[in-house]
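The values are calculated or read from the model by the stated rules, or taken from the named source; none is laboratory data. Everything numeric here is computed off the predicted structure, so don't read it as measured data. Counting neighbours? That spans all protein chains shown, and the Cβs are built from the backbone with ideal geometry, glycine included. In case anyone asks, the SASA skips ligands and DNA or RNA and just uses the protein heavy atoms, side chains included. Shrake-Rupley method; radii C 1.70, N 1.55, O 1.52, S 1.80 Å.
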Amino acid sequence: MKVHHLNCGTMRPLGGRLIDGRGGFLHRAELVCHCLLVDTGAELVLIETGVGSPAVDRAAEWLGANFVRMVGMRTSVAETAAEQVRRLGYDVEDVRHIVLTHLDLDHAGGLVDFPHATVHVYAEELRALQSPRDAKERLRYKQVHFAHGPQWSSYADTGEEWFGFGAVRELKELPPEILLVPLGGHTRGHAGVAVDTGDGWLLHAGDAFFHHGQIDPARPHATPGLAWFEARVETVSGARRENHRRLRELVREHGDEVTVLSAHDPWFLRHASRTS
């Protein structure tokens, strides 16, 4: 498995070191949309899509004016997943499968750029999109991102054990080296996506945590801005903190076998090889 690490959307919110822990308080912080492009040797699998190409020219319409303003969204053609696929020497049509941690706009906004791909997601997350329980769920998902009619492949959050986590090991038409791992909390159908690279596992934990310090087994910590935001947008109370504990345990006990990353902390992108 060859894994390419991509940033498919840069965010520059106000708050400085309160958010990213760097510099002063007056500069704009830096957050990313960390996606993985997996070359299985037979086809491409995209894990997360970023905000998508429509955000380049009409960000306020595609993502919502409030979101764009709040996170200081910076969009460019160069950062779209589709353009990065092309720059790596592939065709967009080579991406036959997309695996998502959840359906928030900064994770699923790029589905429209790959209308031919099968989209793998937990059934509970798909239910949250199609039958939201409350106003919070109705507001968090952008229906325009799914108007093209994605080819869904959904799964129950049960399966075999994987390093202490229950996991779906066999995604339809995908090799067993790519797994969905239940990490509900941020959304009720939130998942992690694990990839066996041949040199160890990568676990893309999506928004199960926001700051690399939260999974530090010795000294768990986070910036106050990200900790506040993470608590504000959680869906399942208590599950978020339990995910932190379980991920710290995974790092403590299996850190030599599993590399854990999150979606928005640029620390992981800086410390990852662009190709694993």
Which whole-Hz couplings ³J(HN,Hα) result when phi for each residue of the range 196-202 is put into the Karplus expression 6.51 cos²θ - 1.76 cosθ + 1.60, θ = phi - 60°, listed in order with x for Gly and Pro?
8, 7, x, 10, x, 9, 10
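Count neighbours as other Cβ atoms within 10 Å of each site's Cβ, and list the GluC sites (Glu not before Pro) in the range 235-274 that are DSSP loop with at most 12 such neighbours. Before the final figure, lay out the partial values.
Working: sites: Glu242, Glu249, Glu253, Glu257; in loops: Glu257.
Loop-located and lightly packed - Glu257.
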In Å², nearest 10: area of Trp152 left accessible to a 1.4 Å probe
70
For His254 and Arg169, compute 0.36 nm times the residue count separating them, minus their Cα-Cα distance, and round to one decimal in nm.
28.7 nm
Amide H of Glu234 versus every other amide H placed in the peptide plane: which residues, excluding those fewer than 5 positions away on the same chain, fall under 5 Å?
none
Just to confirm my numbers, what's the Cα centroid distance between the range 89-104 and the range 139-202 in Å?
13
Aspartates and glutamates within cross-link reach of Lys142: Cα-Cα under 15 Å, excluding same-chain residues under 8 positions apart?
Glu61, Asp104, Asp106, Glu125, Asp134
Gyration tensor (Cα) of the chain, equivalent ellipsoid semi-axes in angstrom:
24, 23, 20
At 0.36 nm per residue, minus the direct Cα-Cα distance, what do Asp91 and Val144 gain on full extension? Give it in nm, one decimal, please.
16.6 nm
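So which trypsin sites (Lys or Arg not before Pro) in the range 168-228 are both in a DSSP loop and have at most 13 other Cβ atoms within 10 Å of their Cβ? Display every interim value, and only then the final one.
Numbers: sites: Arg169, Lys172, Arg188; in loops: Arg169, Lys172, Arg188.
Sparse-neighbourhood loop trypsin sites (Lys or Arg not before Pro): Lys172.
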Based on the Cβ-Cβ distance from Arg12 to Glu177, what FRET efficiency comes out when R0 is 45 Å, to the nearest 0.05?
0.80
The ³J(HN,Hα) series, computed from each phi in the range 38-52 with the Karplus coefficients 6.51, -1.76 and 1.60 at θ = phi - 60°, rounded to the nearest Hz and given as x for glycine or proline, is 9, 9, 7, x, 10, 6, 9, 10, 9, 9, 6, 10, x, 8, x
Separation between the Glu137 and Leu26 pseudo-spin-labels, each 7 Å from Cα along Cα→Cβ, expressed in nm?
4.5
Between the alpha-carbon centers of the range 114-136 and the range 14-58, tell me the distance in whole angstrom.
21
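Taking 0.36 nm per residue of separation and subtracting the Cα-Cα distance, what length does fully extending His271 through Lys2 add? Can you show the working numbers first?
Details: separation 269, 0.36 × 269 = 96.84 nm, distance 1.69 nm.
In short, 95.1 nm is gained.
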Environment charge of Tyr122, counting only residues whose C-beta is closer than 12 Å and scoring Lys/Arg +1, Asp/Glu -1
-1
Gln151 long-range amide H proximity, modeled H, under 5 Å:
Val119
Give the carbon-plus-sulfur fraction of the accessible surface of the range 213-276 in %, rounded to a whole number; probe 1.4 Å, heavy atoms of protein chains only.
52
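Can you give me the accessible area per residue for the chain, using a 1.4 Å probe, in Å²? Let's see the in-between values first.
Values: 11650 Å² over 276 residues.
Counting only protein heavy atoms, the per-residue value for the chain is 42 Å².
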Here the range 183-189 yields Karplus 3J(HN,Hα) values (6.51, -1.76, 1.60; θ = phi - 60°; whole Hz; Gly and Pro given as x) of 9, x, x, 4, 10, 6, x
